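S.K.: The structure is given below, and queries will be raised subsequently.
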Amino acid sequence: MSHRMALAALCTVMAITSLSSTGCVGLALGTNFGLFGIPIPVSPYFQKKKEDEFWNHERYERAPILPPLAPGGPTVALDPPSDDEVIRAWEKANPIQGGLPFLHERQRNNVRILKEKIADYIDPPRVVPLLGPVQLHHAHYKCTIYYSEVTRVGWPVPYTTVDEDAQEVMYIDHNHFHMVGNVSGGPGSNY
């Protein structure tokens with residue numbers, strides 16, 4: 001009888017261990033591999049926040065290193081900010097996400113973006129550690145955003161306001177490096 005009890009206890013412990021190791025995140029009372037893991041769901045707010053941070057870092061927060069400027073070639077920046085970059089900078093400066101449904105909500109409709117280059121210049125060559133001799137190319141843009149904003153308030157007195165002629169101005173800088181001199185980028189280089 002004691003042999004069967006020991007076998008049943010062993011099977012019960014193995015079943016509890018296998019069931020507790022599944023789920024979103026295991027909270028195992030001080031260790032990573034405990035017997036009683038509790039699944040903790042991850043909020044969609046934090047997941048979207050991390051995805052947005054990765055998106056911005058991957059696309060907009062890096063300064064690329066470009067090949068040297070060719071003598072007599074164009075020295076103007078050819079890449080204005082994309083609509084996605086302007087909208088993300090606008091959302092960072094004036095967030096609309098995170099309203100309370102049925103209590104306070106804002107919407108932006110009929111968005112039009114006008115982009116103007118206000119400055120485009122190149123610094124003299126200098127030596128930057130880990131890069132070598134480079135020139136910093138600055139391109140500054142003024143982005144005017146025209147939109148209509150709808151604000152709905154549901155408590156204590158429900159009302160809706162509509163601002164048809166709302167506008168916002170964002171200044172976005174595109175800076176990148178150009179190598180200086182006769183530089184061989186090597187096999188992994190894009191130039």
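S.K.: Quick one: length gained pulling residue 163 to residue 61 fully straight, 0.36 nm per residue minus the C-alpha distance?
M.R.: Length gained between residue 163 and residue 61: 33.5 nm.
S.K.: Report the dimensions of segment 108-191 along its three principal axes from the alpha-carbon atoms, largest first, rounded to Å.
M.R.: Cα extents, longest axis first: 69, 26, 20 Å.
S.K.: Roughly to the nearest percent, how much of the accessible area of the chain is carbon and sulfur, given a 1.4 Å probe?
M.R.: Taking all protein chains in place, the chain shows 62 percent carbon and sulfur surface.
S.K.: Could I ask something else about it? On a straight-distance basis, which lysines could pair with residue 142 in a cross-link, Cα separation under 22 angstrom, same-chain partners fewer than 8 positions away excluded?
M.R.: Straight-distance partners of residue 142: 92, 115, 117.
S.K.: So, one more: Rounded to whole Hz and in sequence order, give me ³J(HN,Hα) for segment 56-62 from the Karplus expression 6.51 cos²θ - 1.76 cosθ + 1.60, θ = phi - 60°, writing x for Gly and Pro.
M.R.: Listing the rounded values in order: 5, 5, 5, 10, 10, 9, 10 Hz.
S.K.: How much of the pair distance distribution for segment 92-132 lies past 17 Å, counting alpha-carbon pairs only, in percent?
M.R.: Distances greater than 17 Å cover 67 percent of the Cα pairs.
S.K.: What percent does the relative contact order of the chain come to when contacts are Cα pairs within less than 8 Å and at least six residues apart?
M.R.: After rounding, I find 19 percent.
S.K.: Based on a Kirkwood Rh over C-alpha pairs, give the Stokes-Einstein translational diffusion coefficient of the chain at 4 °C and viscosity 1.567 mPa s in µm²/s.
M.R.: 57
S.K.: Sorted by mean Cβ packing within 10 Å, highest first, what order do the peptides 165-171, 70-76 take?
M.R.: Averaged packing, sorted descending, gives the order 165-171, 70-76.
S.K.: Which sequence of 146, 141 reflects their accessible areas, 1.4 Å probe, from the largest down?
M.R.: Reading off the accessible areas and sorting them downward yields 146, 141.
The values are calculated or read from the model by the stated rules, or taken from the named source; none is laboratory data. Computed from a predicted model, the values in this text were never measured in an experiment. With ideal geometry, Cβ positions are generated from the backbone for all residues, glycine too; neighbour counts draw on all protein chains shown. In case anyone asks, the SASA skips ligands and DNA or RNA and just uses the protein heavy atoms, side chains included. Shrake-Rupley method; radii C 1.70, N 1.55, O 1.52, S 1.80 Å.
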